[in-house]
Amino acid sequence: MLKRTHYTDEVETTEAGTVVLSGWVHDIKDLARTRFIWLRDRQGIAQVTIVKSTATPEILESSQQLGREDVISVEGTPVTERIAKVGGEITPTKIELIVRAQSVTPLDVSGKIESNLDARLDWRVIDLRRRENLAIFQIQSKLVEGMVEYLSGKGYLQVFTPCLLGGTSEGGAEVFKVDYFGREAFLRQDPQLHRQLCIAAGFDRIYDLGPNWRAEASHTPRHLCEHRGMAVEFGFMNDETDMMRVEEELIVAAMRKVRDECSHELEILQVNPEIPSAPFPEMRFPEIYRILEEHGKKLPYGSDIDKEGETLLCEHVREKYKTDAFFINRFPFAVKPFYVMRVDDEPQWARSVDFVYKDLEQSSGGQREHRYEKIMDQLKEKGMKPETMEWFTEPFKFGVPPHGGFCLGIERFTMSFLGKENIRETTIFPRTPERLLP
């Protein structure tokens, strides 16, 4: 088999006299004097131009046998004065058929014929061959790369916390139960508590990039049963505003990474995301109740914000601050888990922070309670049995610094960043209540 020497996006700039490209036959056009084959790989599309009057009999015969989505390798010389409208162009000296595809694919990879989302997800592997989908996940990868570069540059240590838990991390019924050698275990909803234990262990600054699960029978275009999160935690913070500064810097760094290195992919998707300026605006309870009431939405004092209220708040921020990115802070403690820190002189409110971007909550975070006595009081207040949480609470007897963090959903953030309407489009293989395959 011919060994690849270049990707398609390298053809135009290479100084090599001969290149070998490997990929799929994206399309074929056969004219009277010329045969065009468009070869697609991970990096784009290149045109293979065969002039019938000068091509060898072997090239004419091998190219005539090709069909769409066949896997091929092509050896050839780059064309300097090219006629290709998209990508580089080569004149072939050898064409090798590696695998022949069936004549009719279940989806049109070229994108000329649209299919509905359910059909695309049923044939997800074929759907992912479309240039637009490849661009989505190249951008998603670059967003994560930008986050990791930012955190590494700030001295954060990557850790891998467990996905199997002996107890629920946030309480409630929205957990997947699994059999663990005859005992009941749960897939984690969030690596929250183990991140805190890493801080208690003295790791100081950590991040965990991994999967989370929620057994939530939700069929909205913004929910998944399995998603990935960039979970960040650090110690020795003054208060939750320190966390907000870290998160906004991470988000801006990720967006800039895409802007600087994914111009081609952004062009394919025809999007030009605006990078918000830091610091992001902060909206706090109980002031939020007054703002919403001014916009015709009255919430009971001490209640959580609902989806309608969140939408109105987004409109308010957009109108007043001219941005799609902001924080919601100081949620009612009554609606938050036991581990959050309360405001000492206003215990009704928690140092709990959501990041909202383009009308969607993207992350939850804030400052955690690090004082053992307070943690135990809050456990009891939430109606939890202290003995079931000793694995988590006991280390707090031995000195844990003020700390906090957040967990940012990768698929949802990608969806909002690219202006997609459904999170399934920014998830390689979505897991939803109705979809477990492929």
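Observations, loosely collected:
- Whole-Å distance, taken between Cα centres, linking the stretch 194-271 and the stretch 131-183: 9 Å
- Sparse-neighbour loop sites [GluC sites (Glu not before Pro); the stretch 271-322; at most 16 other C-beta within 10 Å; DSSP]: GLU274
- Contact order normalised by residue count of the chain, Cα under 8 Å, 6+ apart, percent: 13 percent
- Taking the centroid of alpha carbons for each part, the stretch 61-106 and the stretch 336-396 are 59 Å apart.
- Given R0 = 30 Å, the distance between the Cβ atoms of LYS397 and ARG183 translates into a calculated FRET efficiency of 0.65.
- The stretch 279-438: C-alpha gyration tensor shape, a/c 1.5 cut-off, then a/b vs b/c: oblate
- Qualifying trypsin sites (Lys or Arg not before Pro) for the stretch 242-312 [loop in DSSP, other Cβ within 10 Å: at most 12]: LYS298
- Surface share of carbon and sulfur [accessible, 1.4 angstrom probe, percent] for the chain: 51 percent
- Per residue, in Å², the accessible surface of the chain once ligands and nucleic acids are set aside, probe 1.4 Å: 49 Å²
- Between THR54 and ASP260, full extension at 0.36 nm per residue minus the direct alpha carbon distance yields a gain of 69.9 nm.
- Semi-axis lengths (Å, descending) of the ellipsoid that matches the C-alpha gyration tensor of the stretch 231-298: 31, 22, 8
- Zone of PHE236's modelled label, taken as backbone nitrogen in the stretch 399-414 under 13 Å from a point 7 Å along Cα→Cβ: 401-403
- Gyration tensor verdict on the stretch 77-149 (Cα atoms; rounded if a/c is under 1.5, prolate if a/b is larger than b/c, oblate otherwise): oblate
- Relative protection proxy for 337-345, 393-401, from highest mean packing down: 337-345, 393-401 (other beta-carbon atoms within 10 angstrom).
- Potential lengthening between ASN272 and GLU421 on full extension [0.36 nm per residue; Cα-Cα distance subtracted]: 52.0 nm
- Extending 7 Å from Cα along the Cβ direction at ASP27 and again at VAL343 yields two label points whose distance is 5.9 nm.
The values are calculated or read from the model by the stated rules, or taken from the named source; none is laboratory data. What you see is a predicted model, and the numbers here were worked out from it, not measured in a lab. FYI the Cβ positions are ideal-geometry reconstructions off the backbone, even for glycines, and counts take in every protein chain you see. Ligands, DNA and RNA are excluded from the accessible area calculation, which covers all protein heavy atoms including side chains. Shrake-Rupley method; radii C 1.70, N 1.55, O 1.52, S 1.80 Å.
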